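The values are calculated or read from the model by the stated rules, or taken from the named source; none is laboratory data. Computed from a prediction, not measured in an experiment: that's the story for all the values here. Reconstructed Cβ throughout: ideal geometry from the backbone, glycine too, with neighbour counts over all protein chains shown.
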Amino acid sequence: MTKNQLLELIQQLFSTCPGNTIAPEDALLPELSGARIFESPLVCVAAADDPLYIKLKDESVVGPWHMNPEEWLPGAKAVVSLFFPFTEIIKADQRKIPDRTSPAWLHGRIEGQSYLVSFTAALCDMLRRQGISCCAPCTDPRFQYVMSGETAFPGYPDKGEAVFGSNWSERHTAYISGLGTFGLSRGIITEKGMAGRLTSVIVDLPLEPTVRPYTGLYDYCIFCGVCALRCPVDAISEEDGKDHVPCGRRLAHSKKVYAPRYGCGSCQTSVPCESRNPSAKKN
Ligand code: SF4
Ligand code: SF4
């Protein structure tokens, strides 16, 4: 399979895979019933042996628990990274009041993630039927993450301070693949902005990697500080970037308030990087 054939397969699957709408029985508001969650994805490819993956094992980047592509899939040759931008209806209401999470955003976070897991699993099934070995960390039973309160990553020594992260970082893979760079709020800014979700598939196909159109970690961020002003718990500052502790607490709190859903999209909406790359020159 060539890279172009893979891209075509992804776009076909996007138009046929069920779950990219809010089901009437799930809708938190009548006007959200049947609403589409994601626009079609941006897709980039990283080399599985990109030297940046080794750096992710550093404590100051992700941590030694981060598994590189070869550890997920022996014989891995490439990593396909996908960014699914949220539709306007998912973003619109969240722009208005930053200190609460809108019903549409909650659907984007929870039903949107369910769709992404289904989409990613379906993509893997299609690839395997064509004899291609693949692994999607987000659907793999080895995937682990810690989000709030824990002081140790499972299987690693207690650090005595809060630990955040996972053994596969979609954001770092997006950066390595050329999809976009980090912003002050630590989300990934793509050419279609930051408001959306990421997934990835590791394959044993020798796909040509995307040439990264940037060199710096924060090249697409204009450091306007609007995300810091939008954050209801002051978790972001222009001096120190993002503090995961208050953000993690807010997410944990949102699990109580919005159960069975949770989420917070205030630093991704009503910001210059919401739906575009703010550093790109306008023609
Ligand atoms: S809102 Fe401004 S400072 Fe924050 S991530 Fe976006 S571009 Fe960067
Ligand atoms: S997701 Fe975290 S950092 Fe962003 S606005 Fe919400 S609490 Fe603040």
| task | Return the residue satisfying two criteria in turn: it lies in region 119-175 and is assigned to a strand (DSSP E or B) and at pLDDT 95 or above, and of such residues it is farthest from Met67 (Cα to Cα). | result | Cys134
| Do any residues in region 217-231 that are part of a helix (DSSP H, G or I) and modelled with pLDDT of 95 or more have Cβ atoms under 6 Å from those of residues that are crowded, with 19+ Cβ neighbours inside 10 Å and among the hydroxyl-bearing types (Ser, Thr, Tyr), where the two are at least six apart or on different chains, and which pairs are they? | Cys227/Ser185; Arg230/Ser266
| Within region 242-264, is there a residue that is out of contact with any Gly (no Cβ under 9 Å at 6 or more places or on another chain), more than 10 Å from ligand 1 (Cβ to nearest atom), part of a loop (DSSP other than H, G, I, E, B) and farther than 23 Å from Phe86 by Cα? | yes
| field | Selected residue (criterion: nearest to ligand 1 (Cβ to nearest atom)) from residues of region 204-216 that are surrounded by 13 or more Cβ atoms within 10 Å (Cβ to Cβ) and farther than 15 Å from Glu191 by Cα | value | Pro209
| note | When restricted to Cys227, Cys221, the only residue within 10 Å of ligand 2 (Cβ to nearest atom) and at negative phi is Cys227
| task | Inspect all residues belonging to region 85-95 and state whether any of them is on the phi < 0 side of the Ramachandran plot and part of a loop (DSSP other than H, G, I, E, B). | result | yes
| Residues that are at pLDDT 95 or above and either out of contact with any Phe, Trp or Tyr (no Cβ under 9 Å at 6 or more places or on another chain) or assigned to a loop (DSSP other than H, G, I, E, B) (or both), drawn from region 267-281 | Cys267, Thr269, Ser270, Val271, Pro272, Cys273, Glu274, Ser275, Arg276, Asn277, Pro278, Ser279
| Got a number for residues in region 121-133 being surrounded by fewer than 23 Cβ atoms within 10 Å (Cβ to Cβ) and either of a type in the set (Val, Ile, Thr) or in contact (Cβ under 8 Å) with a residue 40 or more places away in the chain (or both)? | 7
| task | Could you identify the single residue in Ile22, Ile89, Ile10 that is over 30 Å from Asp204 (Cβ atoms), in contact with a strand residue (DSSP E or B) (Cβ under 9 Å, 6 or more places away or on another chain) and buried (at least 17 other Cβ atoms within 10 Å of the Cβ)? | result | Ile22
| remark: Within region 42-64, residues more than 18 Å from Leu207 (Cα to Cα) and buried (at least 19 other Cβ atoms within 10 Å of the Cβ) come out as Leu56, Val62, Gly63
| remark: The residue that is nearest to Leu28 (Cα to Cα), considering only those in region 239-280 that are without any contact (Cβ under 8 Å) to a residue 60 or more places away in the chain and among the acidic types (Asp, Glu), is Asp243
| remark: Here the residues within region 53-73 that are touching a residue at least 12 places away in the same chain (Cβ under 8 Å), within 21 Å of Phe164 (Cβ to Cβ) and assigned to a loop (DSSP other than H, G, I, E, B) are Leu56, Val61, Val62, Gly63, Pro64, Trp65, His66, Met67, Asn68
| said: Looking at region 181-201, I want the residues that are over 16 Å from Val43 (Cβ atoms) and have a partner that is surrounded by fewer than 24 Cβ atoms within 10 Å (Cβ to Cβ) and modelled with pLDDT under 95 with Cβ atoms under 7 Å, at least 6 apart or on another chain. Which pairs are those? | reply: Leu184/Glu238; Leu184/Gly241; Ser185/Lys242; Arg186/Gly241; Arg186/Lys242
| said: So for region 253-261 (the condition being within 11 Å of ligand 2 (Cβ to nearest atom) and either surrounded by 15 or more Cβ atoms within 10 Å (Cβ to Cβ) or at negative phi (or both)), does at least one residue qualify? | reply: yes
